[in-house]
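The values are calculated or read from the model by the stated rules, or taken from the named source; none is laboratory data. Predicted model, so just to flag it, every value in this text is computed and none were measured. Cβ coordinates were reconstructed from backbone atoms using ideal geometry, including for glycine residues, and neighbour counts include every protein chain displayed. Side chains are part of the model used for accessible areas, which takes the heavy atoms of the whole protein and leaves out ligands, DNA and RNA. Shrake-Rupley method; radii C 1.70, N 1.55, O 1.52, S 1.80 Å.
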Amino acid sequence: MDQFLEMNAKTQLVCLLGTPVSHSISPAMHNEAFRLLGLNYAYLAFDVNEDSFERAIEGLIALGAAGWNCTMPLKRLMYERADKLSDAALLSGAVNTIVNQNGVLYGDNTDGYGFMQSMTEAGFDCRGKRLTLLGSGGAAAAILAQASLDGAASIDVFARPASASTRLIEEEIRRIHGACGCRLQLFDLADSSRLKKSLADSEALINASSVGMAPQTDASLIPDASWLHPQLTVGDVIYNPRETLLLKIAREAGCAAFNGMYMLLHQGAKAFQDWTGMEMPVEAIREKYFQS
């Protein structure tokens, strides 16, 4: 609790909004970073749902909060509520980070940045590469936007048809087509022959769905190692369990593979920089909170 001892009348508030938030590592991570850099900020977490969203935002503006994060189910609501948007937020249609600029709300989406930083740490540079992306939810939208901005040559997205999230991904693809040179295609996740062909032609596979997350750890959208090839880098947004069935299959196929743990670290680091203008001490935070 040492990091809270120096709070005073000039302490700047940042926080996490969403539900549930009691499990979040973000307060510990950000408050430790503030302590290490001697910054007079405090990060709290508040359980906020769609019904209380607008009242919470108005309260934070009235209090002069420096900014906040939004997690599910508020990211798309925050996109609609923000006054200005980063390119990543605009393309993804979702906001997870707000900077309060004297009542003008600047919205960013740092989730895709966090995942792409994890890919870089795994030795993969997406520029000019072909990717296969599984899923159509918020994580998929953020990664799709950031990978396009980062220079991916093409991305095949596989999702379940006729769902609300897939319709939002369709809208996002139209936005990206008008803003980036990345070639995007949307396919039915049930089309196994098309998925196999996409994997054969791709240099990276990203699972942005919740398939394989605890407690259903025996599930994978890729059934066995024969679908993969050793030149494929495989990333999974899931970090519970640390090794999903997909990652086990990927390693069996000889692929470089990584989970979503460092996505959380790097998306937080980008939000930290948005609020403070300073770089989070990532290695110190990694060592304290993200090592097995």
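Return the pair list, or none, for Cβ contacts closer than 6 Å from residues in segment 204-224 that are touching a residue at least 60 places away in the same chain (Cβ under 8 Å) to residues that are of a type in the set (Ser, Thr, Tyr), at least 6 apart or on different chains.
Close Cβ pairs (under 6 Å, with a partner that is of a type in the set (Ser, Thr, Tyr)) amount to Ala204/Thr233; Leu205/Thr132.
Does Ala214 satisfy being open to solvent by less than 70 Å² (accessible area, probe 1.4 Å), at pLDDT 95 or above and part of a loop (DSSP other than H, G, I, E, B)?
no
Could you pull out every one of the helices (runs of 4 or more DSSP H) wholly within segment 25-120 that has 1 or more residues that are touching a residue at least 12 places away in the same chain (Cβ under 8 Å) and over 21 Å from the mean Cα position of the chain (by Cα)?
Qualifying helices (runs of 4 or more DSSP H): 26-37, 53-63.
So for segment 263-283 (the condition being within 20 Å of Leu133 (Cα to Cα), among the aliphatic types (A, V, I, L, M) and surrounded by fewer than 14 Cβ atoms within 10 Å (Cβ to Cβ)), does at least one residue qualify?
The answer is no; no qualifying residue exists.
Being outside any loop (DSSP other than H, G, I, E, B) and in contact (Cβ under 8 Å) with a residue 24 or more places away in the chain: is that true of Gly268 here?
Criteria met by Gly268.
Anything in segment 162-198 that is of a type in the set (Asp, Glu), in contact with a strand residue (DSSP E or B) (Cβ under 8 Å, 6 or more places away or on another chain) and outside any loop (DSSP other than H, G, I, E, B)? List them, or say none.
Those that are of a type in the set (Asp, Glu), in contact with a strand residue (DSSP E or B) (Cβ under 8 Å, 6 or more places away or on another chain) and outside any loop (DSSP other than H, G, I, E, B): Glu170, Asp188.
Between Ser154, Ser202, Ser226, which is among the small types (Gly, Ala, Ser), touching a strand residue (DSSP E or B) at 6+ places or on another chain (Cβ under 9 Å) and within 18 Å of Ala253 (Cβ to Cβ)?
Ser202 is the lone residue from the list that is among the small types (Gly, Ala, Ser), touching a strand residue (DSSP E or B) at 6+ places or on another chain (Cβ under 9 Å) and within 18 Å of Ala253 (Cβ to Cβ).
Can you find, within segment 157-187, the residue that is surrounded by the fewest Cβ atoms within 10 Å (Cβ to Cβ) among those that are touching a residue at least 24 places away in the same chain (Cβ under 8 Å) and among the acidic types (Asp, Glu)?
Glu171
In segment 53-107, how many residues are crowded, with 24+ Cβ neighbours inside 10 Å and of a type in the set (D, E, K, R)?
Number of matching residues: 1.
Sort out which residues of segment 221-250 are closer than 20 Å to Met263 by Cα and open to solvent by 20 Å² or more (accessible area, probe 1.4 Å), and write them in order of number.
Val237, Tyr239, Asn240, Pro241, Arg242, Glu243, Leu245, Lys248
Take Ala145 and tell me if it is within 30 Å of Leu232 (Cβ to Cβ), in a helix (DSSP H, G or I), open to solvent by less than 10 Å² (accessible area, probe 1.4 Å) and of a type outside the set (Val, Ile, Thr).
yes
Consider Asp188 against the criteria (1) more than 22 Å from the chain's Cα centre (by Cα); (2) of a type in the set (D, E, K, R); (3) under 20 Å from Lys129 (Cβ atoms): it satisfies all of them except one. Which criterion is unmet?
(3)
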